[in-house]
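Here is the structure we will look at.
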Amino acid sequence: MEELKGIKTWSEEDRPREKMLTKGASALSDAELMAILIGSGNQTESAVDLSRRILRSVDHDLVKLGKMTLREMTSFRGMGQVKSLTVMAAIELGKRRRAGEFKAENRIRSSRDVYERFLEYMSDLRHEEFWVMCLNRSNNVLCIGKIGEGGLSSTIADPKKVFRLALENNAASIIVAHNHPSGNLSPSQEDNKLTEKLRQNGSMLECPLLDHIIVTDSGYYSYADEGNLTI
């Protein structure tokens, strides 16, 4: 059976690949860009129509698309493993490009810098993770390491592991971060207790905690910016 709305039947200027060649990638819709990746649709949908249906399922939110699992992606008729992995690989490349733009400048100057660096590691996660950034006296990043991970609403962070990483790297100070998969930016009582404990330990070890960032895909919370961290 021929595709009811096959791309090959469209005028040449309306085909995604030809449109990209003549007008550039920015002229294409999200569905058209995705159609180029998957190449073909199914017996009743063109690649563009299939892409539109997938995008509708996530309310046309590319952040939600990035969180789709392989199983969820392949549940759409016409999206086999190869096509699904191609889309997921493209999304990952986009994330790495974004991270690379901020890696070029290694010095931390603001909470926004910190958020962008940690977002590389924690975007699109469905569970919580806890990370540490070690800095030298010029606030250049020495290393970034994961300390622990948990479930949907909690994570385990051992202060001893946090400062072991800092001491091993001769850090002058640290910044910690964890993500909230729910998208809620408000710190919990557990977050506050852990932050205070890390602040006290850092003071004793002369390796101060400069900030604690709560990361979500759409924004962040900074203890330092909100005045909830005494250094």
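Number of residues in segment 62-84 that are exposed (fewer than 14 other Cβ atoms within 10 Å of the Cβ) and of a type in the set (D, E, K, R) equals 2.
Would you confirm whether any residue within segment 189-197 is in a loop (DSSP other than H, G, I, E, B) and not aliphatic (A, V, I, L, M)? There is no residue in segment 189-197 that is in a loop (DSSP other than H, G, I, E, B) and not aliphatic (A, V, I, L, M).
Anything in segment 206-225 that is more than 14 Å from R112 (Cβ to Cβ) and acidic (D, E)? List them, or say none. Result: E206, D217. Across segment 116-139, the qualifying residues are those that are among the polar types (S, T, N, Q) and over 22 Å from P159 (Cα atoms), and the one among them that is modelled with the highest pLDDT is S138.
Where helices (runs of 4 or more DSSP H) fall wholly inside segment 7-90, the ranges with 3 or more residues that are charged (D, E, K, R) are 16-23, 47-57. Of everything in segment 203-230 that's closer than 15 Å to S188 by Cα and not in a loop (DSSP other than H, G, I, E, B), which residue is modelled with the lowest pLDDT? The selected residue is T216. Of all residues in segment 114-144, those satisfying the criterion of being in a strand (DSSP E or B) and buried (at least 16 other Cβ atoms within 10 Å of the Cβ) are E129, F130, W131, V132, M133, C134, L135, V141, L142, I144. Of the set (1) hydrophobic (A, V, I, L, M, F, W, C); (2) modelled with pLDDT of 95 or more; (3) not in a strand (DSSP E or B), all apply to I174 but (3).
Candidates in segment 87-115 are the residues that are at pLDDT 75 or above and of a type in the set (G, A, S); of these, the one that is farthest from G66 (Cα to Cα) is S110. Of the candidates I174, I214, the single residue that is of a type in the set (V, I, T) and without any contact (Cβ under 8 Å) to a residue 40 or more places away in the chain is I214.
The values are calculated or read from the model by the stated rules, or taken from the named source; none is laboratory data. Note that the structure is predicted; figures quoted are calculated from it, not measured. For neighbour counting, all protein chains shown are included, and Cβ atoms are generated from backbone atoms with ideal geometry for every residue, glycine included.
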